[in-house]
Every structure is written in structure tokens, then in C-alpha cells.
Amino acid sequence: MIVLCLVQFMLVLDDTVVSVALPSIRDELGFTASGLPWVVNAYFLAFGGLLLLCGRMADLLGRRRVFLIGVALFGVASLACGLAQEPWQLVVGRFVQGAGSAMASPAAMSMITLLYPGQEERARALGVWGGIAALGGTSGLVLSGALTDLVSWRWIFLINLPVVAVALASLPRLVPESRAPGRRSLDVPGAVLVTGAAVSLVYGLLRTGETGWSDPLVIGAVGLSAALAVVFLVAESRAEAPLVPRSFLASRTRAVANGATLLFSMAMYAMSFLLMIQVQTALGYSPLLAGIAYLPYGGGILAGMWLSSRISLRIGTRWALLLAFLINIAGLLLLSGVAAGDSYAAHVLPGMLVLSVGNGLSLPVMAATAVDGTTEEDAGLGSALFTSVQQVGGAVGVAALAVMGYSGGLTAGAICVALGAVLIVVLLPSRTGGTREPYQPSAPGRADRG
């Protein structure tokens, strides 16, 4: 558990570690305004687009094997990012980093899911997992600021190498191999189609910030994304072993959890991107000070996660998620008012604390609900789908909301979370008992608990 969480800490850290360093990266490598978000989005897209394929690979080829290959690939890509001399080299390195994460993260989460088969202990383990992830995100901002100010932005990538070495050396001795029974083929065309659709959509959204919606390239990119998505749906309906079998999404609980997670991730990843730019440009913070200013966010997340299981057990999953989403909306709206000349204590900190508690309340419940009812047969798929939705949502959120400006982007993020709250109230089955019942493998013909 400790080793797997350490790797997850590293993987999530690289979601956010570039945020504070973006101005320094832009100045040294010569990124354009539209090209800079690709330092963030290249990682999101590879991670999110390949997760479903890699999750099934972990189930079928061996979870430990896929995990170790992914960690090794991530390490090589981190070295390439740290040595990059041109914008395209960094973007390519980030894409390969995302591919390594796509292999390692669902394999690790599925191993944890199988280590704790009881529903209550699984929820508790996933709460720890989510807490480590949240700390990785917050620590990435602090670490990025310190390394960028004191050494160089390149060390935000090179610092991954010792963690990679520890994981590769220790995990084979600690975790036995596991895989789903039987032999099935992997849906590589499906993974290519869904990744292409995501890349085309984000490219089109990023370009609107420069040229507007009338640009033929914008129209073509968005149209291509829609066409690839349609082809993906048709191909999946005919595939012998689709990335996500329709029977898996027949669970209304899992489907609603992933839909709400998509909207939530759009808002939160965009907020992190926009807030770090805002405090360094409008408020004049140095990279190190910007990272330190984000420290209370980690404390608020931990407090929210400590409360999360207690609240969900008392009032049920649906109402716990609704409460969390309402707190997130309030936090986003508070932060949306931060402007030049504002003080940290009076204008930044209140919204940051409210939002961080809302995040902490949301993450464990969303994770446990998204893998509701999964077994050894599909643990990797459930984990991969949840993480894929997070990453693709983050990429689309950064692309779509960043072009609206700081205040407009955070307000639009609040609207996204509000839509997620509506989805939860209307469609998520009520669970007054929270996470008390043990998981049972689905028997043939058994109705889903949702």
C-alpha cells in the first residue's frame, strides 16, 4: 500500500507540478500563448486517452507487470522532459509521461481494490489513496515553486527519478502478480479513436483563444473530434472485446459517478491552472511564494477527507456528494473574485479553504462509487475508467475554461459543478446506509444494486 501510494503521489504530482513553473518554462523555451497549455494538456490527453486500454491490459496481461512497465516509461520520459531544449521536445516528453501514468495508475488502483475486497475497508483504502493523490497535487505546486525559484524548472521532472528507482526495485518483492481469468483481445483501435477525439477537441478549444470560433481549423478540429467519437461508439458496439462493455456501464451508480467526476474535473483542473497564473501575474507572487500560498489547500483537503467517510455513512452517498458539490461551488465563486491588488488573507485564502474542504469531501466518495461492485474480473477497468474521466475532463476543462479568462473560467467551473450536482440528485441511487454492505461478485442474472 505504501509503495503504491508513493507512486500515485508522484503521478498526480506531475499533473500539477508544471503549473507554477509555466511562466519560467515559457520564457526559457519560447512557448507561445496557445502552445503553453499543451505542457499541461499533453500529459492529460495521453493519460486520459490511454487509460481504458491500459486498464484492460493490466487485467489481462498482469497488473504488476503493466505497472512496472508504466513506471519505467514514466521515468524515461521524466528524464527527457528535464533535458528538453525545444517546446516540442517538452510536449512530447509530457505525452510519454502521460502514457506511462496510464499504465501505472489503474494497475496500482486495481491492486489496492483487490487487496481490500470488503466495501467498508475498500472505501477506507480508497480514501487514503485519494488523500495521497490530493497531497500529490498540492505538493506539486509547492515543490514546483521551490525548485523553479531555487534551482531550475527542469528539476520538477528530474526529481521523479529516485521514486521510479525505489518502485522498480521494491514492488516485485512486495506484490504478487494478478490477472483476470481467461484470455481476451485488447481493443487497440478503440483506444486510438478515443485518444484522437480528445486531442482534436482540445486543440480546437485552445485555438479559439487566438482566432475565435470562425477559424476553419477550429471548426475542422471540433468536427473531427465529433466524427471520431461517433466512429468510436460504432466500433465499440461491434468490437469483440470493447474498451468499456455495455454491461459494465449498465450500473447506474457507476455511470452517474463517472459523469459527475467529468464535470468536477473540468472545473478543478481549470481552477488550478488559472489560479496559479493569476497569483503570479495579477498579485505579483514569485513561483516559490505562489507554491507556498497553496499549502492551506492540502490541509483543507485532508480535513474534508477525514469527514467524508463519516458523512457518507451517516447520510448516504447521494446526499454526501451533493453537500460536497455545493461547497465546491461556493469555493469557486469566492475565488473567482480575486483581482489585482487583493490581499491573500482576505481574498485568496477564504475561497481556497472552502474549495479544498469541498474537494476532500468529494474525492473519496466519487472514487468508491465509480468502482462500485467491481471484482477481480474488471477491477482494472473500473479504476481506469474513473481515472480516465478525471484526466480527459481536466484536459477539456483547461482548454475550454482557460480561454474565458480567470473570473469567467472559474464561474464557468462553478456551473459545471452545479450540473454535476443536478446529475447526482436526479440519477444517483440513494444509499442511506453509505458503504456498510460488503462487495459481492455479480452473479448471472443478478440485478445491479443501483
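Quick check on this structure: which one of Leu161, Leu135 is outside any loop (DSSP other than H, G, I, E, B), modelled with pLDDT under 75 and in the same structural domain as Gln280 (by TED's automatic domain parsing)? Break it down stepwise before answering.
Numbers: Leu161 fails: modelled with pLDDT under 75.
Answer to the check: Leu135.
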*asked:* Can you tell me which of (1) farther than 23 Å from Leu423 by Cα; (2) in a helix (DSSP H, G or I); (3) among the small types (Gly, Ala, Ser); (4) more than 20 Å from the chain's Cα centre (by Cα) is the one Gly298 doesn't meet?
replied: (4)
*Cβ-Cβ below 6 Å, separation at least six or inter-chain, first residue in the stretch 78-97 and more than 15 Å from Leu11 (Cβ to Cβ), second among the charged types (D, E, K, R): which pairs?*
Gly82/Arg154
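Of the residues Asp14, Asp59, only one is more than 23 Å from Ala395 (Cβ to Cβ) and surrounded by 19 or more Cβ atoms within 10 Å (Cβ to Cβ); which? Please lay out each step first, then the result.
Working: Asp14 fails: more than 23 Å from Ala395 (Cβ to Cβ).
Residue meeting the stated conditions: Asp59.
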*Find the residue count for the stretch 329-347, including only residues that are touching a Leu at 6+ places or on another chain (Cβ under 6 Å) and touching a residue at least 60 places away in the same chain (Cβ under 8 Å).*
3
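Determine, yes or no, whether Val39 is β-branched (Val, Ile, Thr), touching a residue at least 24 places away in the same chain (Cβ under 8 Å), surrounded by fewer than 24 Cβ atoms within 10 Å (Cβ to Cβ) and in contact with a helix residue (DSSP H, G or I) (Cβ under 6 Å, 6 or more places away or on another chain). So that I can check it myself, show each step before the final result.
Working: β-branched (Val, Ile, Thr): yes; touching a residue at least 24 places away in the same chain (Cβ under 8 Å): yes; surrounded by fewer than 24 Cβ atoms within 10 Å (Cβ to Cβ): yes; in contact with a helix residue (DSSP H, G or I) (Cβ under 6 Å, 6 or more places away or on another chain): yes.
Yes: the conditions hold for Val39.
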*Being among the small types (Gly, Ala, Ser), under 24 Å from Val426 (Cβ atoms) and out of contact with any strand residue (DSSP E or B) (no Cβ under 6 Å at 6 or more places or on another chain) narrows it down to one of Ser225, Ser214, Ser251, so name that one.*
Ser251
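The values are calculated or read from the model by the stated rules, or taken from the named source; none is laboratory data. It should be emphasised that the depicted structure is a prediction, and the values quoted were computed from it without experimental measurement. Cβ sites come from the backbone with ideal geometry, for glycine too, and all protein chains shown count toward neighbours.
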